[in-house]
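Written out below as structure tokens is the structure these notes cover.
Read the figures in this text as sums done on the coordinates, not as results from a lab. The structure displayed is predicted, hence computed values, not measured ones. Cβ: placed from backbone, ideal geometry, glycine included. Neighbour counts: every protein chain shown.
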Amino acid sequence: MIQLFHLYKNFGPNIALNDINLRVREGEFVFVSGPSGAGKTTLLRLIFGAERPTSGHILINGINLNRISRLKLDLLRRKIGFVFQDFKLLPAKTVFENVALALEVTGERRSLIRKKTRQSLKLIGLVEKEDAYPLELSGGEQQRVAIARAIVKDPLILLADEPTGNLDPDLTKDIMVLFKSIHMKGATVVIATHSRELLEDTEQVKIFLNRGRIFGER
Ligand SMILES: Nc1ncnc2c1ncn2[C@@H]1O[C@H](COP(=O)(O)OP(=O)(O)OP(=O)(O)O)[C@@H](O)[C@H]1O
Ligand SMILES: [Mg+2]
């Protein structure tokens with residue numbers, strides 16, 4: 001479960017998040033929507049512990065991120081998959097290595113790492129590009145590698161930041177089916193998007209952000 005209490009995040013004079021209170025239950029599928037600059041990325045980064053709040057509290061499965069040690073945060077993050085809006089792939093590593101790296105830090109057996117990496121590359125339809133380097137890929141292909149890296153570790157929580165922003169409509173549908181199947185297996189899923197298409201398409205919980213505030217839910 002993800003709980004946010006009176007969460008504020010300022011960047012200098014710029015208020016990116018302004019008193020966010022939110023509860024995402026275990027196994028829930030939530031869309032966070034809102035215009036560019038609304039605070040969607042900031043919200044996901046705070047939940048991931050990549051950024052500290054200016055004030056307020058974030059609890060992940062009851063653990064307060066303000067009070068957690070670096071080591072415990074690293075352990076917690078192994079259970080959280082994050083699809084970055086700007087992908088954050090390592091340019092000197094191949095597609096395969098980029099995805100496998102997410103598992104290597106967990107100390108899994110090499111044979112298992114190989115198997116799971118292939119599996120997730122298959123799910124996003126990029127097995128044939130496993131030896132390519134990120135800069136040799138199209139934007140949509142890079143985005144799919146970022147998705148594979150997030151799902152390879154069977155995350156309990158999947159945070160995806162505009163995960164279909166570079167994909168065509170057919171691939172977008174495929175990826176949404178993939179996210180729903182991960183959700184069906186029990187994961188809590190939070191997707192940030194300003195895509196009307198994604199929002200219209202689903203029955204999931206939707207939260208609207210504007211200027212750092214939640215102003216609607218349905
Ligand atoms: N590292 C930073 N330094 C300064 N300002 C920042 C930083 N990160 C975000 N901001 C500001 O915080 C606000 C929210 O940004 P954020 O990236 O969370 O928006 P977003 O909803 O994800 O937008 P988009 O749809 O364009 O991705 C913006 O005004 C942005 O300029
Ligand atoms: Mg963003």
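Some notes on this structure:
- The lone exception for Glu108 - which of (1) more than 16 Å from ligand 2 (Cβ to nearest atom); (2) among the acidic types (Asp, Glu); (3) within 20 Å of the chain's Cα centre (by Cα) it fails: (3)
- All of Ser69, Ser33, Ser55 fail the test of being without any contact (Cβ under 8 Å) to a residue 60 or more places away in the chain, among the hydroxyl-bearing types (Ser, Thr, Tyr) and under 28 Å from Asp154 (Cβ atoms), apart from Ser69.
- Some residue of segment 126-142 being under 23 Å from Phe29 (Cα atoms), aliphatic (A, V, I, L, M), surrounded by 15 or more Cβ atoms within 10 Å (Cβ to Cβ) and in contact (Cβ under 8 Å) with a residue 24 or more places away in the chain: no
- Among (1) of a type in the set (A, V, I, L, M, F, W, C); (2) within 16 Å of ligand 2 (Cβ to nearest atom); (3) closer than 25 Å to Lys185 by Cβ; (4) not in a strand (DSSP E or B), the one test that Ala38 misses: (3)
- Selection over segment 66-81 of residues that are among the β-branched types (Val, Ile, Thr) and farther than 19 Å from Val190 by Cα gives a count of 1.
- Neighbours by Cβ (under 6 Å, 6+ apart or cross-chain): first from segment 1-21, among the aromatic types (Phe, Trp, Tyr); second not in a strand (DSSP E or B): Tyr8/Thr54
Conditions (1) part of a strand (DSSP E or B); (2) more than 12 Å from ligand 1 (Cβ to nearest atom); (3) of a type in the set (Asp, Glu), marked per residue:
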residue: Asp19; (1), (2), (3): yes, yes, yes
residue: Val32; (1), (2), (3): yes, no, no
residue: Glu51; (1), (2), (3): no, no, yes
residue: Gln85; (1), (2), (3): no, no, no
residue: Lys93; (1), (2), (3): no, yes, no
residue: Ala100; (1), (2), (3): no, yes, no
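- Residue selected from segment 29-75 under the condition under 27 Å from Val177 (Cα atoms) and charged (D, E, K, R), by the criterion surrounded by the fewest Cβ atoms within 10 Å (Cβ to Cβ): Arg45
- Qualifying strands (runs of 3 or more DSSP E) (wholly inside segment 111-218; at least 3 residues being touching a strand residue (DSSP E or B) at 6+ places or on another chain (Cβ under 9 Å) and within 16 Å of ligand 2 (Cβ to nearest atom)): 157-161, 188-192, 205-210
- Residue list for segment 4-17, restricted to those being more than 8 Å from ligand 1 (Cβ to nearest atom) and touching an Asp or Glu at 6+ places or on another chain (Cβ under 9 Å): His6, Leu7, Tyr8
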